[in-house]
Amino acid sequence: MFLRQSRLAFGWLITLLGCALLTGCNNSDNSIVIEKSANEDITVTPPRYGKVGDGLLNEQLEAIRAEFAMPALGGFIVYGDELIELDVAGVRVSTGQALVTKLDKWSIGSFSKSMTATVAARLVEQGLIRFDSRVSDVFPELIGKINPEFESVTLTALLSMTSGFKRDLDSMYSGKWHLDQRGMVEQRYAWTQEVLTTQPEVTHGTYLYSNAGYVVAGHMLERVTGQSWEALVKQEVFIPLGMENIGFGPASYGDPEGQPSGHQMREGQWHPITPADRVDLPNVVGPAGLVSTTLTDLSYYLRAYLAGARGGDNLIGANSYTRLLTPVSPEYGLGWILTPNNNSFHHNGFTGTFYLDNLVLPEKNIAILAVTNGDTSNAKQAVEKAIQVMQQRFEAQHKDNL
């Protein structure tokens with residue numbers, strides 16, 4: 001499924017990965033080496049990453065993992081409708097010996113936002129809600145009880161982060177939501193009421209990254225369907241795509257020995273995170289970033305988006321893909337971060353203990369994703385370098401067509 005012909009020319013990642021790829025890497029065997037010959041001429045030895053299909057992706061990921069001292073690192077490349085390369089390196093828990101496997105689940109953080117936007121598009125296609133549906137349309141009982149500036153906030157504004165809402169509710173860090181025993185729909189209604197009584201952080205229409213707003217968007221979808229966001233994302237995204245290995249929250253909490261643990265750096269050492277650390281996000285913020293899943297399942301998702309961005313109909317129609325991938329602000333569409341020339345898109349995800357990023361290049365018919373199970377700036381650098389290396393491996397395989 002989703003097979004489309006590749007176009008020619010495969011460009012460098014500079015516009016998306018930026019200076020971090022050029023300056024964020026330590027010296028390693030894969031660094032560009034400047035050498036002086038006997039006659040003082042300077043030559044450049046380029047990095048050698050191999051090519052797709054040579055069986056060396058694991059070796060490359062292990063080198064990057066070691067370079068940035070991460071517990072584990074995984075990644076894959078999708079080309080058209082094919083998963084052409086996937087591998088992992090490192091350990092599930094920094095204090096243990098169990099190696100990560102290709103079947104393990106990773107927390108994907110805010111990459112889940114694109115899934116919430118996809119659910120919204122599915123429901124719009126079904127006529128259950130509109131992108132221009134307002135908060136006051138979906139929650140008429142709140143009119144006169146909330147900040148009047150927010151009554152006209154639309155689903156589009158929430159999904160594009162132009163609602164004016166602050167990034168997070170202050171109460172998210174108080175422990176209040178961790179202790180709440182009510183059902184998810186009831187909790188998200190309480191969250192929505194709390195957000196709607198705050199003051200705007202920025203002028204409506206101005207982009208400001210907002211987890212708080214994504215929870216409200218998720219609850220709007222809950223209200224019009226009568227189902228929880230968790231049930232909706234399964235029904236509207238995971239099941240249609242055949243994504244079978246899905247959880248909400250860290251997978252290691254239910255299987256400490258069998259899944260990768262998230263990590264934080266404490267006193268110079270990796271600390272594996274358990275429920276006792278109480279650093280995980282409360283379940284109420286699910287629509288903003290609590291999915292955990294396997295690399296293979298994520299490849300199904302990116303294959304659908306790669307085909308959709310190239311004009312195909314699958315999970316949602318081509319017009320819906322266009323809507324989600326059209327900039328509302330220079331920085332953001334609906335659930336996706338867009339590049340200035342709009343020729344690629346991605347969404348990173350950071351839970352405080354895992355870091356993920358990806359790159360979708362529709363004109364090149366390729367999508368790449370990498371993830372690691374630790375925090376610190378090294379996590380971002382390791383993931384970005386892994387994406388760079390996988391792109392180089394793809395280019396090496398297809399150099400005759402580029």
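The values are calculated or read from the model by the stated rules, or taken from the named source; none is laboratory data. Predicted, not measured: the structure shown is a model, and the values here were computed from it. Cβ atoms come from the backbone with ideal geometry, glycine included; neighbour counts cover every protein chain shown. Just so you know, the surface numbers come from the protein's heavy atoms only, side chains and all, with ligands and any DNA or RNA stripped out. Shrake-Rupley method; radii C 1.70, N 1.55, O 1.52, S 1.80 Å.
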**Request:** Scan segment 121-149 and report the pairs whose first residue is farther than 17 Å from residue 190 by Cα and whose second residue is at pLDDT below 95 and open to solvent by 20 Å² or more (accessible area, probe 1.4 Å), with Cβ atoms within less than 9 Å and a gap of 6+ or a chain change.
**Result:** 149/204
**Request:** Inspect all residues belonging to segment 299-307 and state whether any of them is under 22 Å from residue 232 (Cα atoms) and open to solvent by 10 Å² or more (accessible area, probe 1.4 Å).
**Result:** yes
**Prompt:** Under the condition of being among the aromatic types (Phe, Trp, Tyr) and touching a helix residue (DSSP H, G or I) at 6+ places or on another chain (Cβ under 9 Å), which residue from segment 169-190 is farthest from residue 220 (Cα to Cα)?
**Reply:** 177
**Request:** Could you check, for segment 136-150, whether at least one of its residues is under 24 Å from residue 345 (Cβ atoms), open to solvent by 60 Å² or more (accessible area, probe 1.4 Å) and of a type outside the set (Gly, Ala, Ser)?
**Result:** no
**Check on residue 326, open to solvent by 20 Å² or more (accessible area, probe 1.4 Å), in a loop (DSSP other than H, G, I, E, B), of a type in the set (Ser, Thr, Tyr) and more than 25 Å from residue 89 (Cβ to Cβ)** = yes
**Message:** Restricting to segment 240-251, name every residue that is at negative phi, within 19 Å of the chain's Cα centre (by Cα) and not aromatic (Phe, Trp, Tyr).
**Reply:** 241, 243, 244, 245, 246, 247, 250, 251
**Request:** Name the strands (runs of 3 or more DSSP E) wholly inside segment 1-105 in which the number of residues that are modelled with pLDDT of 95 or more is 3 or more.
**Result:** 72-79, 82-90
**Prompt:** (1) assigned to a helix (DSSP H, G or I); (2) modelled with pLDDT of 95 or more; (3) open to solvent by 10 Å² or more (accessible area, probe 1.4 Å): which one isn't true of residue 363, the others all being true?
**Reply:** (2)
**Request:** Considering each residue of segment 151-167, count those that are open to solvent by less than 20 Å² (accessible area, probe 1.4 Å) and either among the aliphatic types (A, V, I, L, M) or part of a loop (DSSP other than H, G, I, E, B) (or both), and give that number.
**Result:** 10
**Message:** Within segment 285-295, does at least one residue satisfy the condition of being among the small types (Gly, Ala, Ser), over 24 Å from residue 204 (Cα atoms) and open to solvent by 20 Å² or more (accessible area, probe 1.4 Å)?
**Reply:** no
**Message:** Criterion first (in contact with a helix residue (DSSP H, G or I) (Cβ under 8 Å, 6 or more places away or on another chain), closer than 23 Å to residue 73 by Cβ, without any contact (Cβ under 8 Å) to a residue 24 or more places away in the chain and open to solvent by 10 Å² or more (accessible area, probe 1.4 Å)) does residue 274 satisfy it?
**Reply:** yes
